[in-house]
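> This structure is in structure tokens; I'll ask about it shortly.
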Amino acid sequence: MSAVREGARQVMAWLHGWTGLLLGWVLFLMCLAGTFSVFKPEIGRWMRPEATAAADPVDAIAAAGSWLSRNAPDATGWYLAVPDSRMNTVEAGYDSGGAFLYRALDPVSGAPVARETLGGEFFYRLHFELELPFPWGRMLASLAAAFMLVALITGIIAHRRIFRDFFTFRTGKGQRSWLDGHNALGVLALPFHLMITFTGLVTLAALNMPWGINAAYGDDVAAMYREQIPGIAERAATGVKTPLAPLAPMLRDAQRRFGGATVGRLYVINPGDSAAVVTVFRADSGQIGYTPAEISFDGATGRVLTAWTEARPAIQTYNVLYGLHMGRFAPSLTRWLYFLGGAMLTLAIATGLVLWIVKRRERAPLSLANRILERLNVGVLAGVPLGCIAFLLANRLLPLGLPDRSAAEVSAALWTAGIALAVGAALPPRRAWPLLLGLLAAGCAIAPLFVPLGQGDAVILIGNLMLLGVAAALVPLVRRQMRRPAAPVSRRAARVAA
């Protein structure tokens, strides 16, 4: 029986290593971006330091509606996120001239703020779309999440003393040290890692397993959405120009009908048309489960068309899982726990990728394939964070009036990450590690200088302090890498030489 258990553990260890390796770089990118997304609104505020105005949410939406009525009257729809305690601007999406635009609108004037940027939306989309076109990015992210779940489960089975070894960390022991760090990072937040991975898979279930939908609805996906959200009011545009009724009374009426709950979003379909529909959604920050509730108004008259709240048990079960993954319900302390759990998962993936190489180097000289993996490890593990800091630096350095400024910020991030990947592949790891990590530390130290610590609100101050903290933590690591000798001789080679 003992031999059977040991054999099963070896199989699980083999599966754990390979599932973690095959899509490990994708998982590292997803987890890092997902960790940043915990503070998506706060990142947006940090990246718009000039946007300091505040207003009542209803007044802010009314101002945004007035600006959009003048500047986007022919859009097919306006999609507005209502300001709250974490976000002081109106996040607006609308189409204009065949392009879909995303803008942060000032809560007082309703006009776009001076610094055009995607803010935290970049990291949120990167987390599950990977900057790839639909549906390929989401499909790759879904596959990577499935690999992650397998890696977590097999890691638990394979490790005989996983909780005992959590309390052990031996420095300067090569493979043993990396394994100790990997275990500690994985075990400390293991329930969170399992939850966030499983719920991430569930959020993409319709893409992962479309066969039930295809069997029930065929190609009529619109029918599926109508049954999933039966309270939505749909009307085709008539082409008859009609002014939009004031939005503020609709918002206040909706809030009253929601029992005083906070309003989260507002959609205006066919604005400026006699068939305009204004739909107000309850915010999903008041409960763990995201329970949709919406009220639709006639855009021309302001009268209520439909009112609906989700109450079906099966969909509410899904909504709880979705809400757990998104974490929008979380108060400040819980959000920080989400952030720390995501950071530990990101570092666990990174240490696992490094451990793969260290383990094989100590046994025998690295094969050509593993030498390539080692260099790609450097480029990805240092290059992805370097791309993130380049995104923040571009936000501060690019001219405010630059056309397509938000796209230029994203390009800066992607090009920087690509160049770092090329540097990691071209240089020996003992040179590439200190170079790339040194640049990352310098970027984290420089970014806060453009808005001094004494200026801006608390969000900017905390963001600056976090960047400076990361820079300080990287300094000893860079020094250690600079003193790192050439690749050590493997144990097998040392025995042969003796």
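> Checking P133 against (1) under 30 Å from T199 (Cβ atoms); (2) surrounded by 18 or more Cβ atoms within 10 Å (Cβ to Cβ); (3) of a type outside the set (A, V, I, L, M, F, W, C), which single condition isn't satisfied?
So the condition that P133 fails would be (2).
> Limited to the stretch 122-162, what total is found for residues that are within 15 Å of C31 (Cα to Cα) and within 20 Å of the chain's Cα centre (by Cα)?
22
> Further question: Hey, can you tell me all the residues within the stretch 344-399 that are under 17 Å from L440 (Cα atoms) and among the small types (G, A, S)?
Listed by number, the residues that qualify are A350, G379, A382, G383, G387, A390, A394.
> Please go through the stretch 175-211 and give me each residue that is open to solvent by less than 50 Å² (accessible area, probe 1.4 Å), more than 20 Å from the chain's Cα centre (by Cα) and over 21 Å from G20 (Cβ atoms), ordered by number.
Across the stretch 175-211, the qualifying residue is only P210.
> Do you know which residues across the stretch 78-108 are among the hydroxyl-bearing types (S, T, Y) and either open to solvent by less than 30 Å² (accessible area, probe 1.4 Å) or at pLDDT below 95 (or both)?
S85, T89, Y94, S96, Y102, listed by residue number.
> How many residues does the stretch 416-452 contain that are in a helix (DSSP H, G or I) and over 30 Å from L366 (Cα atoms)?
Final tally of qualifying residues: 9.
> Are there any pairs, at least 6 apart or on different chains, whose C-beta atoms fall under 6 Å, with the first in the stretch 362-389 and outside any helix (DSSP H, G or I) and the second of a type in the set (G, A, S), and if so, which?
Sorted first by the residue in the stretch 362-389, then by its partner, the pairs are A364/S490; P365/S490.
> Does the stretch 40-59 contain at least one residue that is without any contact (Cβ under 8 Å) to a residue 60 or more places away in the chain, open to solvent by less than 20 Å² (accessible area, probe 1.4 Å), part of a helix (DSSP H, G or I) and over 30 Å from L347 (Cβ atoms)?
No, the stretch 40-59 contains no residue that is without any contact (Cβ under 8 Å) to a residue 60 or more places away in the chain, open to solvent by less than 20 Å² (accessible area, probe 1.4 Å), part of a helix (DSSP H, G or I) and over 30 Å from L347 (Cβ atoms).
> Which residue is farthest from E116 (Cα to Cα), if the candidates are limited to the stretch 402-430 and must be of a type in the set (D, E, K, R) and open to solvent by 50 Å² or more (accessible area, probe 1.4 Å)?
R430
> Also, quick follow-up: Take the stretch 244-290 and flag every residue that is in a strand (DSSP E or B) and open to solvent by less than 20 Å² (accessible area, probe 1.4 Å).
Correct list: V263, G264, L266, V268, D273, V277, V278, T279, V280.
The values are calculated or read from the model by the stated rules, or taken from the named source; none is laboratory data. Keep in mind that this is a model prediction, so the values were computed, not measured. Every residue, glycine among them, receives a Cβ derived from its backbone with ideal geometry; neighbour counts consider all protein chains shown. Please note that ligands, DNA and RNA were not included when accessible areas were found on the heavy atoms of the full protein model with its side chains. Shrake-Rupley method; radii C 1.70, N 1.55, O 1.52, S 1.80 Å.
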